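For reference, the structure discussed in these notes is given below.
Nothing in this text is a laboratory measurement; each read-out follows from the coordinates by a stated rule. Just so it is clear, the structure is predicted and the values come from calculations on it, not from any experiment. We place every Cβ from the backbone using ideal geometry, glycine too, and count neighbours over all the protein chains shown.
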Amino acid sequence: MGLKDLFAAHANEAPAKRHRINVAGMHCNACEKLVSTALEDNGATNVVASHETGVVEYEGELEQSLLAEVIANAGFELA
């Protein structure tokens with residue numbers, strides 16, 4: 001497969017859906033890292049967490065029950 005074929009295959013992919021959730025209990029950059037790592041370990045990508053706003057954005061598909069469990073296991077809760 002040549003470079004042209006790789007670009008063509010990538011162009012046909014649907015863009016990943018971006019999700020936005022509210023997470024209670026984040027107070028610092030370390031909290032953001034804990035949440036981000038927990039989500040990434042469970043399949044999320046491009047995670048951006050903000051302790052200032054309590055908002056976490058990510059790409060990927062996580063079941064709601066898994067999402068709540070992952071956040072709780074990291075020491076936080078969905079708001």
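Scan the range 29-79 for GluC sites (Glu not before Pro) in coil per DSSP, keeping those whose Cβ has at most 15 other Cβ atoms within 10 Å, and list them by number. Intermediate results must be reported in sequence, preceding the final value.
Numbers: sites: Glu32, Glu40, Glu52, Glu57, Glu59, Glu61, Glu63, Glu69, Glu77; in loops: Glu52, Glu61, Glu63.
Answer in residue order: Glu52, Glu61, Glu63.
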A student asked for the Cα radius of gyration and Dmax of the range 16-78 in angstrom ought to give 10.1, 29
